[in-house]
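The block underneath contains the structure these notes are about, expressed in structure tokens.
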Amino acid sequence: MTRQNNKTVQALQWTGNALKVLDQRQLPEAIVYDDYTDAAGVTEAIAGMRVRGAPAIGIAAAYGVALSALKNYAEDPAHWQQKVAADIEMLATSRPTAVNLFWALEQMNAVLNQPQANPLAAILACAEKIHADDIAANYKMGELGADIVAGANGIMTHCNTGALATGGYGTALGVIRSAYQRRPINVYAGETRPWLQGARLTVWELAQDGIPVTLIADSAAAWLMKSGAIDWVIVGADRIAANGDTANKIGTYSLAVLARQHGVKVMVVAPTTTIDWSIKNGDRIEIEQRHQNELLPACYIKEDSLVSAWNPVFDVTPVELIAALVTERGVVLNPAEQGLRGLKNVI
Ligand code: MRU
């Protein structure tokens, strides 16, 4: 059953002929939706991180293909399919790490290439299904994850994995939402430097839902774990290799290493659309490097500066450090030993 996402904020809204994108660069100071009517605009919105978070990126790209189809079918009925195919290529360049982007574009490309009685309706239906399925998966994962952390008092999360990063409700944040509905827990969010997804987005989303949250500097995580306040670190994923190695926001690997030292467990929550079955392990995951100016203090942004910055925005956590992988198809406890194969064939 697809549940309606009425409660949480919506990163993306489809109007029928435009995609409304909540500009996450302006949160939490301002809630501004911009309308996009072509694939170039959606590509820029993803690359510029107006919309971010692996599942939300995939959904936005799917609507980008739908917009391309609507526009090109109207403007150039003889060549519209080639033009949409070119726009799919362009959308694929928007960000490299989140595999949901490529998965969604493959789904859309398959519909584009199938003979259809009403091709525009079929393309749009595919985008809407990708969006609705993601919301349904999040609610399912929320319940499955909440079962696992039933006895926990303290949970820490990283980046933003909520409604803003998905079709609605969230992955790791969905588990935290579901767990909190059952009984109060202490939630801690890391700032997630340099883009501050935790400080700007996660604490805002939780506060909107009436869930108390404590913000910490990323560098306070070890000390917090040592205090005994944290039972679980719960994070999302941008790409999971076939063996369970998990690419997620930079700093996730550090948290997993710290968690092992302090006897804290790590849960990864992600829809199966985040699993890249084509890669054996995390070594082949492309890690996005963003511009150094996103990290550098303004006084060093000049031509003759002696100060540069290294700004990888994801890292890979080896599967051995992950205690539980939660997907909409089920849970894998101790994935390093159990393997992920059981998730592949479940419908
Ligand atoms: O660079 P971002 O903000 O797109 O990175 C997002 C993350 O790393 C999230 O933790 C991940 O996509 C899971 S979101 C459900």
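The values are calculated or read from the model by the stated rules, or taken from the named source; none is laboratory data. Since the structure is predicted, the reported quantities are computational estimates derived from the model, not experimental observations. Cβ placement follows ideal geometry from the backbone for every residue including glycine, while neighbour counts extend to all protein chains displayed. Note: accessible area is taken over every heavy atom of the protein model, side chains too, but ligands, DNA and RNA are not part of it. Shrake-Rupley method; radii C 1.70, N 1.55, O 1.52, S 1.80 Å.
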query: Could you list, in sequence order, the residues of the stretch 25-41 that are under 20 Å from residue 207 (Cβ atoms), open to solvent by less than 50 Å² (accessible area, probe 1.4 Å) and either out of contact with any helix residue (DSSP H, G or I) (no Cβ under 6 Å at 6 or more places or on another chain) or without any contact (Cβ under 8 Å) to a residue 12 or more places away in the chain (or both)?
result: 30, 32
- request: Considering (1) open to solvent by 30 Å² or more (accessible area, probe 1.4 Å); (2) in contact with an Asp or Glu (Cβ under 7 Å, 6 or more places away or on another chain); (3) within 16 Å of the ligand (Cβ to nearest atom), say which one residue 71 fails and leave the rest.
  value: (3)
message: For the stretch 265-309, give me the residue count where each residue is more than 16 Å from the ligand (Cβ to nearest atom), under 22 Å from residue 255 (Cα atoms) and open to solvent by 50 Å² or more (accessible area, probe 1.4 Å).
response: 3
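Counting only residues that are closer than 22 Å to residue 25 by Cβ and either open to solvent by less than 10 Å² (accessible area, probe 1.4 Å) or without any contact (Cβ under 8 Å) to a residue 12 or more places away in the chain (or both), give me the helices (runs of 4 or more DSSP H) lying completely in the stretch 115-218 with at least 2 of them. Please lay out each step first, then the result.
Numbers: elements: 119-148, 172-182, 203-208.
Result: 172-182, 203-208.
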- line: Given (1) open to solvent by 50 Å² or more (accessible area, probe 1.4 Å); (2) more than 15 Å from the ligand (Cβ to nearest atom), residue 230 misses just (1)
- prompt: Within the stretch 235-256, is even one residue within 12 Å of the ligand (Cβ to nearest atom), crowded, with 24+ Cβ neighbours inside 10 Å, touching a residue at least 24 places away in the same chain (Cβ under 8 Å) and of a type in the set (Asp, Glu)?
  reply: yes
Matching entry among 172, 152 (being in the same structural domain as residue 315 (by TED's automatic domain parsing) and more than 15 Å from the ligand (Cβ to nearest atom)): 152
query: Do we have any residue at all in the stretch 304-327 that's farther than 30 Å from residue 226 by Cα and under 20 Å from the mean Cα position of the chain (by Cα)?
result: no
message: Can you go through 78, 117, 104 and tell me which one is modelled with pLDDT of 95 or more and outside the structural domain of residue 269 (by TED's automatic domain parsing)?
response: 104
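Having 2 or more residues that are among the hydrophobic types (A, V, I, L, M, F, W, C) is the bar; report the strands (runs of 3 or more DSSP E) wholly within the stretch 232-347 that clear it. Steps first, please.
Numbers: elements: 232-235, 239-241, 246-249, 265-269, 314-317, 324-327, 330-333.
Strands (runs of 3 or more DSSP E) meeting the threshold: 232-235, 239-241, 265-269, 314-317, 324-327, 330-333.
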- prompt: Any residue in the stretch 311-327 that is surrounded by 14 or more Cβ atoms within 10 Å (Cβ to Cβ) and small (Gly, Ala, Ser)?
  reply: yes
task: List the number of the failed condition for residue 49; all other conditions in (1) among the aliphatic types (A, V, I, L, M); (2) part of a helix (DSSP H, G or I); (3) in contact (Cβ under 8 Å) with a residue 60 or more places away in the chain hold.
output: (2)
query: Just checking, which of 100, 160 is closer than 25 Å to residue 242 by Cβ and of a type in the set (S, T, N, Q)?
result: 100
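Here is a list: 84, 21. Which entry is part of a strand (DSSP E or B) and either in the same structural domain as residue 171 (by TED's automatic domain parsing) or touching a helix residue (DSSP H, G or I) at 6+ places or on another chain (Cβ under 7 Å) (or both)?
Numbers: 84 fails: part of a strand (DSSP E or B).
It is 21.
Being out of contact with any helix residue (DSSP H, G or I) (no Cβ under 6 Å at 6 or more places or on another chain) and either in contact (Cβ under 8 Å) with a residue 24 or more places away in the chain or open to solvent by 60 Å² or more (accessible area, probe 1.4 Å) (or both) narrows it down to one residue among 77, 55; which is it? Show your work before the answer.
On the way: 55 fails: out of contact with any helix residue (DSSP H, G or I) (no Cβ under 6 Å at 6 or more places or on another chain).
The conditions single out 77.
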- request: Scan the stretch 318-347 and report the pairs whose first residue is on the phi > 0 side of the Ramachandran plot and in the same structural domain as residue 270 (by TED's automatic domain parsing) and whose second residue is open to solvent by 30 Å² or more (accessible area, probe 1.4 Å) and part of a helix (DSSP H, G or I), with Cβ atoms within less than 8 Å and a gap of 6+ or a chain change.
  value: 330/144; 330/342
- prompt: Looking at residue 93, is it of a type in the set (Val, Ile, Thr), closer than 26 Å to residue 245 by Cβ, open to solvent by less than 10 Å² (accessible area, probe 1.4 Å) and at pLDDT 95 or above?
  reply: no
